[in-house]
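I have placed the structure first, in the form of structure tokens, so that the comments after it can refer back to it.
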Amino acid sequence: MDFHEEEEEFTDQEALDDEEFTEEDISRFLVTIPHNRIGALIGPKGRVKSRLEKLTGVDIEIDSSSGEVLISSTANLKDPFLIFKARDFVQAVGRGFNPEAAFTLLDDDIYLEIINLKYLLGNNPNKLRRFRGRIIGREGKTRQIIEETTGTKISVFGNTVGIIGTHDRLRVAKEAIEMLIGGSKHGTVYSYLEEKAQTFKLSSRELWEKASKDARKPF
């Protein structure tokens, strides 16, 4: 997955106008995503959006002009927790993940972590570009090693790094990325990952095949 320059800042916010809701509406979230990710969220002939709504029981409204995505609970929402999963899905697609990877977030044991590089490194564009390169590595090698040793999925998009995985594996991947941001040599990071990988009971391939098999069917 290639990273993209994205100069705009995108923040998530919870809508506050509760007076418009019926009793069936539990909550809603307003998430703003880059304009160039709206197509990925909608999908061919709307299939990604429709599938997310069907699997979670939420309603998705997309404002193509602003990039705002309103996620609302409906009477079909069987588990209130699913609206949070739907929000994570939208955030993941917005931060560069393909829908197939994002759908695994509907699994109870899979989580999303987003690292804001500007928060850690400041606003210097050259510095941000250099550290994005450190995380990705030549021809994507470093990102691939982190993914394969931890069984996670990673997206470097604009000034953020997104990680999808189980709690323990996500924590290790995040630590490896923060080591790179902190200036650790790649060899040191690879040794750390190799050591941590030995503690995992499942291989990365077995873990990813286990996670959300139904959600990852072709759509």
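For the reader, a short list of remarks on this structure follows.
- Flag if Asp107 is acidic (Asp, Glu) and closer than 26 Å to Asn159 by Cα: no
For (1) among the small types (Gly, Ala, Ser); (2) touching an Asp or Glu at 6+ places or on another chain (Cβ under 9 Å), each residue gets a yes or a no:
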site: Val48; (1), (2): no, no
site: Arg51; (1), (2): no, no
site: Ile60; (1), (2): no, yes
site: Ser73; (1), (2): yes, yes
site: Leu82; (1), (2): no, no
site: Arg87; (1), (2): no, yes
site: Pro99; (1), (2): no, no
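- Residues within region 112-122 that are crowded, with 17+ Cβ neighbours inside 10 Å and part of a helix (DSSP H, G or I), tallied: 1
- A residue that is surrounded by fewer than 16 Cβ atoms within 10 Å (Cβ to Cβ) and under 23 Å from Asp108 (Cα atoms) occurs somewhere in region 40-51.
- Flag for Phe157 being assigned by TED's automatic domain parsing to the domain that holds Lys174 and either within 17 Å of Ala176 (Cβ to Cβ) or in contact (Cβ under 8 Å) with a residue 24 or more places away in the chain (or both): yes
- Residue match in region 134-152 (condition: in contact with a Leu (Cβ under 7 Å, 6 or more places away or on another chain), part of a helix (DSSP H, G or I), of a type in the set (D, E, K, R) and more than 24 Å from Leu52 (Cα to Cα)): yes
- Test: residue in region 156-166 that is closer than 20 Å to Lys85 by Cα and assigned to a helix (DSSP H, G or I): no
- Qualifying residue in region 80-99 (condition: farther than 23 Å from Phe200 by Cβ, assigned by TED's automatic domain parsing to the domain that holds Thr188, out of contact with any helix residue (DSSP H, G or I) (no Cβ under 9 Å at 6 or more places or on another chain) and not hydrophobic (A, V, I, L, M, F, W, C)): no
- Checklist (1) farther than 27 Å from Ile154 by Cα; (2) in contact with a strand residue (DSSP E or B) (Cβ under 7 Å, 6 or more places away or on another chain) applied to Leu52, failing item: (1)
- Number of residues in region 61-111 that are of a type in the set (Lys, Arg) and not in a helix (DSSP H, G or I) equals 2.
The values are calculated or read from the model by the stated rules, or taken from the named source; none is laboratory data. All values reported here derive from a predicted model rather than from experimental measurement. In this analysis, Cβ positions are derived from the backbone assuming ideal geometry, glycine residues included, and neighbour counts consider all displayed protein chains.
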